[in-house]
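Here is the structure we will look at.
The values are calculated or read from the model by the stated rules, or taken from the named source; none is laboratory data. Quantities reported herein were computed from a predicted structural model and do not represent experimental measurements. FYI the Cβ positions are ideal-geometry reconstructions off the backbone, even for glycines, and counts take in every protein chain you see. Ligands, DNA and RNA are excluded from the accessible area calculation, which covers all protein heavy atoms including side chains. Shrake-Rupley method; radii C 1.70, N 1.55, O 1.52, S 1.80 Å.
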Amino acid sequence: MPPFEPGARQGRLRQYQLQLFERVQAARSGALAARKELGVLLGGRHCLLDLTQLGEIVIPAGLPIQGVPLAQDWYLGLAAMRGRLTAIIDLARYMGEAPCAAGGDSRIITFSPRLGMNCALLVERVLGLRQQRGMLSVPAQGSTAGTALPWASQTLRDSEGQHWLRLDLAQLAQAERFLDAGFAGVASGKDEH
């Protein structure tokens, strides 16, 4: 066992403190624009999910999803994940796109516990990490002013010309329509927060 060296230990602690200070300063100055997001395919649409709003990625094969009577068609049901009941949502269907087909490439992505909802999204495919730094903001495809959903209001274009819809799961989790998965929620048709 190496002898106790207080000077070396203090040096490492000081180096760690300096690195932490630099990261805090970079976050305050907006220098973290290089943050990465998870690219997914939802109803044939390329979407970006903030990694800080995600929990884990699960392969749906062998995961029984119990349907819930009198629920919206986008509310697929409940699944026991790590000992907790989790609502499984087909976000593509919720957005008015074609339903997500559970297949070999599909995944279930859970919400971060910080969002306060035991909820997960069924996605067609995970496309990997994407860096927002090289992307440009463009007008949302197929939407007019005032019709963009607050949780899906930013469209980005990458260097290859691919359009990505950036989704904010924290805002989605507060949307009135999302919170009311029963058929009574059909009458209002609202999607506000």
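Around Leu76, with a cut-off of 13 angstrom between Cβ atoms, what is the net charge of the other residues, counting Lys and Arg +1 and Asp and Glu -1?
In short, -1.
Would you kindly state how much longer the chain becomes between Gln162 and Leu129 on full extension, computed as 0.36 nm times their sequence separation minus their alpha carbon distance, in nm to one decimal?
Stretched fully, the Gln162-Leu129 segment lengthens by 10.4 nm.
Assuming R0 = 30 Å, what is the FRET efficiency of Leu20 and Ser137, from their Cβ-Cβ distance, to the nearest 0.05?
FRET efficiency, Leu20 to Ser137: 0.45.
State in Å² the accessible area per residue of segment 28-117; use a 1.4 Å probe, count heavy atoms of protein chains only, and round to the nearest integer.
Per-residue accessible area for segment 28-117 comes out at 52 Å².
What number comes out for the charge environment of Leu51, summing +1 per Lys or Arg and -1 per Asp or Glu over other residues with Cβ under 9 Å away?
Charge balance in the 9 Å sphere: 0.
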